[in-house]
Amino acid sequence: MHNAKTSIFIPKARRTFPLLDSQKVYLTSHKNFKMPYLRFLYFRKMINMKRLLFLTAISILILPSLLAQQKLPLSDLTVDKIMREPAQWIGTAPGNISWSRDGQMIFFTWNPDGDQFSSVHKISIEGGTAEADDDRYEGFPQNPIYSKDGNTMLFERKGDIYLMDVKSKAETRLTATQGRETSPAFHTEEAIVTFTRDNNLYSIDTRSGLISQLTNIVIEEGDEEKATRNRTISGNREQDRWLRNDQVVTSEILRDRRNRPRGRSARARNFMNNMEDKMEEIEVPNVSNLQLSSDGKYVSFSIFRRPENPSKRTIVPNYVSSTGYTSEINARSKVGGERSFSEIGIYNIKADSFYIVDSGQLPGITDLPDYVKQYQDRSFEKKNRVVSATGVFWSPTENYVVVHFGAVDNKDRWIMRLLPESGDLIPIDRQRDEAWIAGPGIGQEYFSGTMGFMPDGKTIYYQSEKTGYSHLYTHNLSNGVTKQLTKGKYEVYSPSLSKDGKKWYFTANMKHPGIRHFYSMSAKGGKTTQLTTMDGNNEVTLSPDEKNLAIRYSYSNKPWELYVQANKAGAVAKQLTTSTKTEFKRYDWHEPELVTFKAEDGANVHARFYKPEKPNGAAVIFVHGAGYLQNVHSWWSSYFREYMFNNLLMAKGYTVLDIDYRASAGYGRDWRTGIYRHMGGKDLSDNIDGAKYLVESHNIDPKRIGMYGGSYGGFITLFAMFKHPDVIAAGAALRSVTDWAHYNHGYTSNILNTPVEDPKAYKQSSPIYFAEGLQGNLLIAHGMIDDNVHFQDVVRLSQRLIELGKDNWEMAVYPMERHGFTTPSSWTDEYKRILKLFENTIGKQ
């Protein structure tokens, strides 16, 4: 046997290698073994083993993170993947941002776990983990009215009016009645509070508790009264009043109806009859927006007038219902017919009398639109147009009142000063547009837009497209001076004054039409300061003390997240949320290049450009919907499914172009109105010029260009297939308008007027009249319960194609889908068909 002193021969070659297992056993079994070289080999082996174990452990810990950071190629995308439920694989962005009262927490709706519904969360401005918290109001009432000093809240709860001390949360109940009190407001003298009850305005003196009824409005009932009153705008008011009063002389039934209590309980009427100072009744069909003037002498109110002969409403059949029977969905009316409008009434409290503001005073009220010159064989009567008084603004400190009017034909917007004692109107601003009034912050027929009084009580602010872009203006009522505060080829969005009234805050696209930043500016105008730093879109909510910005931010290939930033130029924004799912982030989503090309009339057209690594020679043009919408920008698109589909197409070798054609938002008035009286004109030619740009600048085969889009995008696709079959070889038209005479009034009449008044505009703008031009391969897809663009549109078009003998088209219908699809299975089916269309046509070399 060997002992500890026995010599051992070790071959020379083995000295540089770890010991064999048999050697390790032998050596470690001899406690007294002291040979230096073998001991060295033994310890080196132990160290290598420990190092191996350590590296293995580290790998186990960091491998998932490394894999998550490794980008997946876009070639792995499939339609099934990208059309899954967005909340489950993309994530749900934070929304509905608000601040805690102390400015240390931000509240927002969020759904990080992909649940069925989003819930309210909060997070510290220092960061950390967001936590669910439904009490975003922190025990305070929702939407209170604050006193000037911010120390008192005024609010309504369950039909009664309350005051609350902000510091102590102590409440004072001002009313306790069986009736319902609403719309509380502080008067100029803040000890006086006004509110509405039973369609009348009341005031309460919080010092004495005295409640005063300020108006005595009675709501009309019965068709006869409504029909008579609805024509006051164009008729002789004195004559109408005489006729109306004369009716009760010859009819006891009408007399009984007029004397019947209505609009208020009999108890309330008896109370009024017993009042020492009985008030004159104001009989109107309805009333809203009651306001007390700053001097307490007048009450203004709005009256909504319905048409005598309202347009017939449509129905949408629902074939797949829970009952097993076909049901009917009541839907909108079609474009044209009489329209409703609003009037403003002014009640003189001391004189106990009222009048309706006479819109006949408006400058240009009888002006005819220019398009009537296209109809030399017809006569058009110059008469007072129907207008809506859409807003009344009383100065909080001075005896000024301003009224906003919008023409029902939407060719005019007036801002007028009203002299309440006489009813006279004095012009402040008239914006006339032979196309239609619109643009960011611009008031229309039922919308007064960005408008209000500056802190001095003498100056109003508003937005106008006077220069071709929507900018901010002021007008001093004491001296008549109008001043433009912002200038340039950009649009101003959502301007608001700082709490001290010394500064403006607003969003604008100064840097690029597709980049929006948050700016500040002196209340008097002048130099603007860019506050946000991240290019993309910055939706900002100021903290209560205006020291910080809560920013909802996104980039073209990064969905929305919540950030916080100090309210100063150049400050760094800190990300607070991570909403995007891991799987989605693993894909190397393309950042589309923002490009421009020349249209046939020389205009610069903006587009998103997707360039594949290995082009296959074919191209696809995506056409966004809505018309007035912007999709060529540097933020996360509302068309995120189409963005992902464009990535999939690009990965397959298709070059993709996404165009902000004429009518798109973000480029000013001329771009917005470029389609007036001819949809399918410049909007279509911009897309066709885009196809030429692809051929000339990117070596695309001119015979291998496809197009797809939904809603307005589907409409453009149809027109491209019908009018330019030599350019567009294959197209997918989704939820498309085929005949504008069958679409709604609000949208269509702005652009094309009405079918009765301007039939030429409708004929040249509706694809159904050009269907004979179809040569390429067409896919039509539509939801059968679409209550926006009705399924009837494509049914009529399919009949037209059948009669024309066209056989190169197909239709996919979705029985349970409306205009915007809601189920992943429908999205998946639709886009598989689109992909198949392109692969089987333009995709073949």
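A few remarks follow.
- Taking only protein heavy atoms and a 1.4 Å probe, the accessible area of the chain is 50% carbon and sulfur.
- Ranking by accessible area, most exposed first, for 839, 830 with a 1.4 Å probe: 839, 830
- Amide H contacts of residue 157: 162, each under 5 Å away and 5 or more positions distant or on a separate chain (H built 1.01 Å from N in the peptide plane; Pro and chain starts excluded).
- Gain upon complete extension [residue 822, residue 487; 0.36 nm per residue less C-alpha separation]: 116.4 nm
- Residue-normalised accessible area of segment 449-551, expressed per residue, 1.4 Å probe, Å²: 41
- Tensor-based shape of segment 690-845 (alpha-carbon gyration tensor, a/c under 1.5 rounded, otherwise prolate or oblate): oblate
- Over all Cα atoms in segment 564-606, the spread is summed up by Rg and Dmax: 18.6, 47 Å.
- Taking every DSSP bridge with both residues inside the chain, close to 80 percent are antiparallel.
- Between helix 237-250 and the chain: long-axis angle, C-alpha atoms, 0 to 90°, nearest 10: 70
- Residue order for 517, 590 - accessible surface, 1.4 angstrom probe, largest first: 590, 517
- Amide N of segment 115-135 lying under 13 Å from the label point, which is placed 7 angstrom from the Cα of residue 547 along Cα→Cβ: 125-126
- Length gained when the stretch residue 586-residue 289 is fully extended (0.36 nm per residue, less Cα-Cα span): 101.7 nm
- Couplings 3J(HN,Hα) of segment 697-708, computed from phi: 9, 9, 6, 7, 5, x, 9, 10, 10, x, 8, 8 Hz, in residue order, whole Hz [Karplus 6.51 cos²θ - 1.76 cosθ + 1.60, θ = phi - 60°; x for Gly and Pro].
- Taking θ as phi - 60° and the Karplus parameters 6.51, -1.76 and 1.60, the scalar couplings of segment 344-357 work out to 10, x, 10, 10, 8, 5, 5, 7, 6, 8, 9, 8, 9, 4 Hz in sequence order, x denoting glycine and proline.
- Shape category assigned to segment 293-403 from the gyration tensor of Cα positions, a/c cut at 1.5: oblate
- Residues whose amide H falls under 5 Å from that of residue 218, counting only those 5 or more places apart or on a different chain, are 282, 283, 284, with hydrogens built in the peptide plane.
- If you sort 811, 451, 679 by accessible surface, 1.4 Å probe, largest first, the order is 811, 451, 679.
- Rg and Dmax [Cα atoms of the chain; Å; Rg one decimal, Dmax integer]: 35.0, 142
- For residue 492, distant residues with modelled amide H under 5 Å away: 470
- Extended-chain gain in nm, criterion 0.36 nm per residue less alpha-carbon gap, residue 84 and residue 530: 156.7 nm
- Cα-based shape type of segment 564-688, given that a ≥ b ≥ c are square roots of the gyration tensor eigenvalues and the cut on a/c is 1.5: oblate
- Residue-by-residue Karplus 3J(HN,Hα) for segment 528-539, coefficients 6.51, -1.76, 1.60, Hz, glycine and proline x: 9, 10, 6, 9, 8, 10, 8, 5, x, 10, 10, 9
- Cα→Cβ-extended label distance, 7 Å offset, between residue 571 and residue 308, nm: 6.0
The values are calculated or read from the model by the stated rules, or taken from the named source; none is laboratory data. These numbers were taken from a predicted model, which means no experiment stands behind them. Note: ideal-geometry Cβ built from the backbone for every residue, glycine included; neighbour counts use all protein chains shown. Protein only, heavy atoms only, side chains kept; ligands, DNA and RNA dropped before computing areas. Shrake-Rupley method; radii C 1.70, N 1.55, O 1.52, S 1.80 Å.
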